[in-house]
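This report concerns only the one structure given below.
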Amino acid sequence: MSDRLQAPRGTFDVLPEQAALRHGVEQSARRILESAGYRRIETPTFEATELFKRTVGESTDIVQKEMYTFEDGGGRSLTLRPEVTAPIVRSYLEHGMHRLAQPVKLWYLSSCFRYERAQAGRYRQFWQVGAEAIGSDDPSVDAELILLLRELLDEMGVRGAALRLSSLGTAASRARYRDLLQAHLRAHEERLAADVRERIELNPLRAFDSDDAGTREVMQSAPRLIDHLDADDREHFAAVRQLLDGEGIAYDLDGTLVRGLDYYTRTVFEFTSDALGAQSGVGGGGRYDGLAQELGGAPTPGIGWATGVERILLAAEERPVPEPVVDLYVALAEPAARARAFRIAAEARRAGVPAQLELAGRSMKGQMKHAARISARYVAIVSQEGIELKDMESGEHEPVASESAVIATVLRGRHVQ
Ligand code: HAM
């Protein structure tokens with residue numbers, strides 16, 4: 001016998017109990033986002049590799065080491081999506097959504113793939129719920145999206161969720177700031193970690209992310225982008241903050257907030273939960289006013305966020321898994337009653353009664369035990385001579401005249417309660 005195969009490292013099976021919990025996240029996301037006018041979208045699981053290189057950024061960890069990239073039979077380079085924002089902006093441009101009323105508000109629940117070091121809360125295939133609003137640079141969009149994510153996390157019972165907020169400014173103010181930061185890093189080059197030193201040219205901002213003690217010290221006196229925004233950026237950010245303050249949404253202004261994707265401009269934010277340990281980011285996002293242009297479209301502002309379904313569930317209070325409802329269990333008093341039992345179960349379901357049929361050849365005692373285990377409300381005991389219906393709550397049972405009488409009684413019983 002050969003070894004039994006297992007799911008690939010960093011992936012997991014969604015077993016039925018977990019599926020029920022995940023369904024709860026989906027339902028809350030749908031209700032919260034659709035009530036704000038967001039409509040569901042789904043893009044392909046894989047895209048041209050170029051899409052992520054251009055938007056997420058060549059120098060990011062995601063593009064440098066985490067993408068599942070492969071060549072298809074036609075020699076094209078494709079990549080399993082590591083995130084969904086770039087695909088959605090691609091779709092916006094491809095379908096001429098600029099002709100719709102702006103902003104176009106979309107939400108998704110999609111799988112993502114990143115070759116990361118697997119650990120609790122960090123997987124190689126995971127699911128994101130996300131929202132994107134494309135076509136408006138109004139600060140109200142920023143504040144509203146942050147509010148919607150806050151509501152989703154609160155509704156899911158995510159423990160200790162704190163909001164970090166910052167602004168990265170526009171590309172122009174960032175370019176000026178980058179020069180300042182690079183000068184600071186070069187001036188202290190000998191105290192920096194090797195990987196930070198190597199990235200001074202390509203991605204100096206990542207120095208804020210380093211765990212290295214020497215680098216951290218150097219970064220304490222580094223210039224902060226937030227102090228070098230231009231007047232428009234400052235005004236935009238002030239307006240976002242005013243709206244959040246008005247709603248009583250608490251946040252930490254954090255000029256060191258670095259997101260792992262290159263497309264951000266202006267507002268960026270992240271929710272962390274102390275229930276998550278090392279992988280503390282539960283959801284985050286920001287503006288990407290230059291992304292459509294990177295993809296060859298007209299300048300189009302956009303903003304959005306994504307939150308990991310698994311991280312929400314890890315950070316949420318435990319909640320009971322709802323049991324599936326079984327109104328009727330159809331038991332066989334003898335094998336010859338199979339056709340009749342089969343018909344009763346099928347008819348019951350057609351009438352809207354959740355019904356299950358005995359499928360394992362159990363003894364009568366075994367069938368009654370099983371019915372109790374799945375919390376069936378009624379059991380129909382079917383033989384060639386007749387049908388007996390047992391109310392599992394009261395323990396009472398009586399003969400019933402026909403198949404339809406079984407269903408009528410169960411329906412009546414259900415409505416009485
Ligand atoms: P991100 O911060 O890379 O942003 O991912 C968003 C969320 O996905 C994280 O906060 C986390 O909950 C979850 N996540 C990320 N990586 C993993 C992983 N390996 N395992 C489990 N969960 C993970 C984005 O992806 C942006 N597209 C968000 C965005 C939307 N920005 C603008 N619009």
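Of all residues in the stretch 307-344, which are open to solvent by 20 Å² or more (accessible area, probe 1.4 Å) and not in a helix (DSSP H, G or I)? GLU317, GLU318, ARG319, PRO320, VAL321, PRO322, GLU323, PRO324, VAL325, LEU332, ALA333, GLU334, listed by residue number.
Would you please name the residue that is surrounded by the most Cβ atoms within 10 Å (Cβ to Cβ), looking only at residues in the stretch 356-400 that are of a type in the set (Asp, Glu), closer than 14 Å to VAL326 by Cβ and modelled with pLDDT of 95 or more? Among those that are of a type in the set (Asp, Glu), closer than 14 Å to VAL326 by Cβ and modelled with pLDDT of 95 or more, it is GLU358. Taking the criterion of being open to solvent by less than 30 Å² (accessible area, probe 1.4 Å) and either outside the structural domain of ALA341 (by TED's automatic domain parsing) or under 20 Å from GLU323 (Cβ atoms) (or both), the residues of the stretch 401-417 that qualify are VAL410, GLY413.
ARG287 meets all of the listed conditions (1) buried (at least 18 other Cβ atoms within 10 Å of the Cβ); (2) out of contact with any Asp or Glu (no Cβ under 9 Å at 6 or more places or on another chain) but one, namely (2).
Here the stretch 141-175 is the region considered, the condition is being in contact with a strand residue (DSSP E or B) (Cβ under 9 Å, 6 or more places away or on another chain) and acidic (Asp, Glu), and the residue that is nearest to TYR38 (Cα to Cα) is GLU144. Looking across the stretch 227-243, the residues that are closer than 17 Å to THR256 by Cβ, part of a helix (DSSP H, G or I) and more than 29 Å from the chain's Cα centre (by Cα) come down to ASP227, HIS228.
Scan the stretch 345-355 residue by residue and report those that are open to solvent by 40 Å² or more (accessible area, probe 1.4 Å), of a type outside the set (Asp, Glu) and at negative phi.
Keep residues of the stretch 345-355 that are open to solvent by 40 Å² or more (accessible area, probe 1.4 Å), which gives 347, 349-352, 354.
Next cut, of a type outside the set (Asp, Glu) only: 349-352, 354.
Of everything in the stretch 345-355, those that are open to solvent by 40 Å² or more (accessible area, probe 1.4 Å), of a type outside the set (Asp, Glu) and at negative phi turn out to be ARG349, ARG350, ALA351, PRO354.
Checking each residue in the stretch 41-88 for being part of a strand (DSSP E or B), within 15 Å of the ligand (Cβ to nearest atom) and charged (D, E, K, R) picks out only GLU47.
Across the stretch 244-280, what is the number of residues that are within 24 Å of GLU294 (Cβ to Cβ), part of a strand (DSSP E or B) and either among the aromatic types (Phe, Trp, Tyr) or within 9 Å of the ligand (Cβ to nearest atom) (or both)?
Of the residues in the stretch 244-280, 3 are within 24 Å of GLU294 (Cβ to Cβ), part of a strand (DSSP E or B) and either among the aromatic types (Phe, Trp, Tyr) or within 9 Å of the ligand (Cβ to nearest atom) (or both).
Against the conditions (1) over 19 Å from the mean Cα position of the chain (by Cα); (2) modelled with pLDDT of 95 or more; (3) outside any loop (DSSP other than H, G, I, E, B), ALA29 satisfies every one except (1). Within the stretch 363-387, residues that are of a type in the set (D, E, K, R) have Cβ atoms under 6 Å from residues that are open to solvent by 40 Å² or more (accessible area, probe 1.4 Å) in these pairs: ARG377/MET392, counting only partners at least 6 apart in sequence or on another chain.
Applying the set (1) over 20 Å from ASP154 (Cβ atoms); (2) open to solvent by 20 Å² or more (accessible area, probe 1.4 Å) to ASP233 leaves exactly one unmet item: (2). Just one of ARG54, ARG4, ARG76, ARG39 is open to solvent by 90 Å² or more (accessible area, probe 1.4 Å), more than 26 Å from ALA315 (Cβ to Cβ) and outside the structural domain of TRP127 (by TED's automatic domain parsing); which is it? Answer to the check: ARG4.
Quick one: is GLY246 small (Gly, Ala, Ser) and modelled with pLDDT of 95 or more?
Numbers: small (Gly, Ala, Ser): yes; modelled with pLDDT of 95 or more: yes.
Taking the combined requirement at face value, the residue satisfies it.
Can you tell me which residue within the stretch 236-263, out of those that are hydrophobic (A, V, I, L, M, F, W, C) and closer than 26 Å to THR60 by Cβ, is surrounded by the fewest Cβ atoms within 10 Å (Cβ to Cβ)? Lay out the reasoning, then the answer.
Quick first cut of the stretch 236-263, residues hydrophobic (A, V, I, L, M, F, W, C) only: 237-240, 243-244, 249-250, 253, 257-258, 261.
Add one more test, that the residue is closer than 26 Å to THR60 by Cβ, and what stays is 237, 240, 253, 257-258, 261.
Details: PHE237: 22, VAL240: 26, LEU253: 12, LEU257: 22, VAL258: 18, LEU261: 24.
Per the stated criteria, the residue is LEU253.
Tell me which residues, restricted to the stretch 301-323, are touching a residue at least 24 places away in the same chain (Cβ under 8 Å) and away from the ligand (no atom under 14 Å from the Cβ). Answer for the stretch 301-323, where residues must be touching a residue at least 24 places away in the same chain (Cβ under 8 Å) and away from the ligand (no atom under 14 Å from the Cβ): GLU317, ARG319, VAL321, PRO322, GLU323.
Within the stretch 100-119, being near the ligand (Cβ under 10 Å from one of its atoms) and open to solvent by 30 Å² or more (accessible area, probe 1.4 Å) holds for ARG114, TYR115, GLU116, ARG117, GLN119. Counting only helices (runs of 4 or more DSSP H) that sit completely within the stretch 126-217, those holding 3 or more residues that are open to solvent by 60 Å² or more (accessible area, probe 1.4 Å) and within 23 Å of SER28 (Cβ to Cβ) correspond to 139-155.
The values are calculated or read from the model by the stated rules, or taken from the named source; none is laboratory data. Note that the structure is predicted; figures quoted are calculated from it, not measured. Cβ: placed from backbone, ideal geometry, glycine included. Neighbour counts: every protein chain shown. For accessibility, only protein heavy atoms count, side chains too; no ligands or nucleic acids. Shrake-Rupley method; radii C 1.70, N 1.55, O 1.52, S 1.80 Å.
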